[in-house]
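Accompanying notes for the structure given below.
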Amino acid sequence: MSGPFLNETPVARPLDSPVALTKSPYMAAAAEAVQNYMRNTARTWYKDGVDPNDEAGKYAFQRLRETWFTPEVDPKFKLRREDKFYAIGSCFARGLESSLAGHKMAVESAAPEFAKLQPASKEESGLGFTNKYNTYSILNELRWALDPDAEFPRASIVPLTNTTWYDPHTNPSLSFVGLEETLERRALLQAVTKRVKKCRAVILTLGLAEVWRDVQADVFVNCTPIASLFKKYPGRYQFHLTSFAQNWANLETIYALLSSYGHPDFHVVVTVSPVPLMNTFSTMDIVVANTWAKSLLRAVAQEWASAHPNVDYFPSYEIVQNSDRAAVWEDDLRHVRGRGAQHIMELFLRKYIE
């Protein structure tokens, strides 16, 4: 998905002029709002005189003391065990695939063809090759697979050495190979992505708001280009901090693609990966940069879900952030322990699967 980076200079507004209002994602008359309040058993954070350590307590300040935070989840829709699932997005999507497959559900994105891909590191899996970290790269992959008029930008695949090539639209978890094999991997990825057409259930995991653009090929790429490319091709790659509007537009285009080419009754569950940024290329502290990025993606995911009856937000991000840090995180405070991922998937299956 190509396009200019939105970086408009704000225009000063007279102090006495009214602020233009846009339509709210949700509006309710007072009676409906009060009804929401009465029905919502998880509506209140704190109450005086209540035992904070009451494990059966209904207040947030009690529930947040538990090792594993369990938010109240009220799904818009149900998915069926016989549905075909497709997960696309950051590495957290791979965990969702594994859990669904473990419960004997058909997960088209975890195609057996990927088993032949041998990762360069023993700590990774061949499926890591399919990770999509930002809304541009998710959209790109779906466009190239589904839209007959969309053409993959062959010029964006670049040589690293005399014998190895790099596809910047994949995750560099595999050993680098020659051009022919690199293109074979690309063809395999697009062939598997086409299978989203027959999937009623699509799980979208948003990961990064920092993105890179190949200026020469006029396309946003999946992740930070290999460091040697900055020297080999100076000026070719451009760093972007994306906006709410850009990510919103990408998600809306994804929705349009699935509406045109996907399952006639497709449903999307959108999540935000809790895995923090590894590095930032902005001037922000990495912790500040991560908070900004996750906040932006979390906000756009909620608004996108509010705009469509067949899109729902699942709070995997909140589960991890509000569980006990020592229990949920590996020592790097970046990767979620297996028990944390299991807790998330147990809640997802209990709430969404009929």
Those residues of the stretch 181-216 which are open to solvent by 20 Å² or more (accessible area, probe 1.4 Å), within 29 Å of T163 (Cβ to Cβ) and of a type outside the set (D, E, K, R), in sequence order: L183, A187, L188, Q190, A191, W212, V215, Q216
Within the stretch 44-155, considering only helices (runs of 4 or more DSSP H) that don't extend past its boundaries, which have at least 2 residues that are under 25 Å from K294 (Cβ atoms) and among the hydroxyl-bearing types (S, T, Y)? 92-102, 135-146
Cβ pairs under 6 Å, 6+ apart, first in the stretch 306-334 and of a type outside the set (K, R), second surrounded by fewer than 17 Cβ atoms within 10 Å (Cβ to Cβ) and not in a loop (DSSP other than H, G, I, E, B): Y313/Q302
Given the conditions (1) surrounded by fewer than 21 Cβ atoms within 10 Å (Cβ to Cβ); (2) touching a Ser or Thr at 6+ places or on another chain (Cβ under 7 Å), which single one is not true for E113? (2)
Would you confirm whether or not the stretch 153-164 contains a residue that is touching a residue at least 60 places away in the same chain (Cβ under 8 Å) and among the basic types (K, R)? no
Among the listed residues L204, L189, L208, L183, identify the single one that is more than 19 Å from the chain's Cα centre (by Cα) and not hydroxyl-bearing (S, T, Y). L183
Filtering helices (runs of 4 or more DSSP H) wholly in the stretch 276-354 for at least 3 residues that are touching an Asp or Glu at 6+ places or on another chain (Cβ under 9 Å), open to solvent by less than 60 Å² (accessible area, probe 1.4 Å) and under 25 Å from A201 (Cα atoms) gives 286-307
Flag for W45 being of a type in the set (A, V, I, L, M, F, W, C), exposed (fewer than 14 other Cβ atoms within 10 Å of the Cβ) and in contact with a helix residue (DSSP H, G or I) (Cβ under 6 Å, 6 or more places away or on another chain): yes
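The values are calculated or read from the model by the stated rules, or taken from the named source; none is laboratory data. From a predicted model like this one, the values you see are computed outputs, not experimental measurements. Here the Cβ is made from the backbone with ideal geometry for all residues, glycine too, and neighbour counts use every protein chain on show. Calculation scope for accessible area: heavy atoms of the full protein, side chains included, ligands and nucleic acids excluded. Shrake-Rupley method; radii C 1.70, N 1.55, O 1.52, S 1.80 Å.
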